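Some notes on the structure that comes next.
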Amino acid sequence: MTETARPEASTVPLEALPPLRDTLAAAGIAADKRFGQHFLLDLNICRKIARLAGVSVDDDVLEIGPGPGGLTRALLETGARVTVVEKDPRFIPLLDDLAAAVDGRLTVIEGDALKVDEAGLFAAGGAGRPVRIVANLPYNVGTPLLVKWLTGSFHPSSLTLMFQKEVALRIVAPAGDKEYGRLAVLCQALCQARIVMDLPARAFTPPPKVASAVVTLTPLEAPPSAPLLAAVQTVAQSAFGQRRKMLRSALKGLGGETLCRAAGIDPDARAETVPVSGFLALAQTWLDRRNGQAAPTLPTGV
């Protein structure tokens, strides 16, 4: 992971930069399927996402996978300070031009977002400003990045993220919905999550095979502790790993019927009918019954 130097970048003002399509054409850059790239080139859509994210001049913003910088431009127009992490080196010169146009408000980092230490990155600034994550996430790493941010040491003030529509539905699904599962339990145990914008495939270049949606996640004021969150993931992993079975069977390795009754949950229920509050109760009861043993290890992936 490296921060790029910018002494040779263009000094054209932000509002005078050429349209994104012209910039891509001049650089001879096309989307790379290896990185799950689908460019959002409509600046009006990008500006709407920035508004939905509530970005203002008082914020620091982290953007992942900016590509040619459409959303980046919209974020910079708010007056915020923006840090972008881009894995594809072809886009670094284009992002350098943006950085030169905004007098130090854009930091460009070339690297893998899955390996970035966000807490260290923003602690180094020392400003203590709110940090919002706003991104059109590459399809192939969207869920792993979300899980990383939700379970790690970095605590942004909000997340406004674009996913494939099917992933967005899994994040916001309520109990009883066919999309409700481990990802919904994790996200909703920590945040208020809602879809705020739908985008058809034609909004992107090249168009993906699926629709997309923007999700906002606002952290709860009193989220579960790290041990309880780890326990929630353990319980949800067992419950949804055998989602056709009743909880008495699916959770047999964690206490089964005895655990369910102690937590006030019907042991004949199935995972998809149990609300997030029920999983928190199951997790807390499981922790209590372990009599102070070491906290469970966080499962990987959702």
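The values are calculated or read from the model by the stated rules, or taken from the named source; none is laboratory data. From a predicted model like this one, the values you see are computed outputs, not experimental measurements. Using ideal geometry, Cβ is built from the backbone for each residue, glycine included, and neighbour counts are taken over all protein chains shown.
So here's what we get for this one:
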| read-out | value |
| --- | --- |
| Subset of region 218-227 (residues that are touching a residue at least 60 places away in the same chain (Cβ under 8 Å), surrounded by 14 or more Cβ atoms within 10 Å (Cβ to Cβ), under 19 Å from the mean Cα position of the chain (by Cα) and closer than 26 Å to TRP286 by Cα) | PRO219 |
| Matching option when the condition is at pLDDT below 95, closer than 30 Å to ILE29 by Cα and not hydrophobic (A, V, I, L, M, F, W, C), among THR205, THR297 | THR205 |
| Those residues of region 31-57 which are in a loop (DSSP other than H, G, I, E, B) and either without any contact (Cβ under 8 Å) to a residue 24 or more places away in the chain or within 20 Å of LEU145 (Cα to Cα) (or both), in sequence order | ASP32, GLY36, GLN37, HIS38, LEU40, ALA53, VAL57 |
| Whichever residue in region 29-84 is closer than 24 Å to ALA123 by Cβ and of a type in the set (Asp, Glu) and, among such residues, is nearest to the chain's Cα centre (by Cα) | GLU63 |
| Scope region 51-73; condition aliphatic (A, V, I, L, M) and buried (at least 23 other Cβ atoms within 10 Å of the Cβ); matching residues | ALA53, VAL55, VAL61, LEU62, ILE64, LEU71 |
| Region 74-91, residues that are outside any loop (DSSP other than H, G, I, E, B) and surrounded by fewer than 19 Cβ atoms within 10 Å (Cβ to Cβ) | GLU77, PRO89, ARG90 |
| Subset of region 188-202 (residues that are in a helix (DSSP H, G or I) and out of contact with any helix residue (DSSP H, G or I) (no Cβ under 6 Å at 6 or more places or on another chain)) | ALA201, ARG202 |
| Residues of region 266-286 satisfying the condition of being closer than 11 Å to VAL235 by Cβ and out of contact with any Leu (no Cβ under 8 Å at 6 or more places or on another chain) | GLY278, PHE279, ALA281 |
| Filter result for the condition that a residue is of a type in the set (A, V, I, L, M), surrounded by 14 or more Cβ atoms within 10 Å (Cβ to Cβ), outside the structural domain of GLY67 (by TED's automatic domain parsing) and touching a residue at least 12 places away in the same chain (Cβ under 8 Å), over ALA203, ALA193, ALA239 | ALA239 |
| Identity of the residue in region 99-112, touching a helix residue (DSSP H, G or I) at 6+ places or on another chain (Cβ under 6 Å) and more than 21 Å from GLY54 (Cβ to Cβ), that ends up surrounded by the fewest Cβ atoms within 10 Å (Cβ to Cβ) | GLU110 |
| Residues that are buried (at least 18 other Cβ atoms within 10 Å of the Cβ), of a type outside the set (A, V, I, L, M, F, W, C) and either assigned to a loop (DSSP other than H, G, I, E, B) or outside the structural domain of ILE195 (by TED's automatic domain parsing) (or both), drawn from region 126-160 | PRO138, TYR139, PRO156 |
| Residue match in region 284-292 (condition: among the hydrophobic types (A, V, I, L, M, F, W, C) and either surrounded by 18 or more Cβ atoms within 10 Å (Cβ to Cβ) or within 29 Å of GLU166 (Cα to Cα) (or both)) | yes |
| Filter pass, VAL215 being assigned to a strand (DSSP E or B), hydrophobic (A, V, I, L, M, F, W, C) and over 11 Å from the mean Cα position of the chain (by Cα) | no |
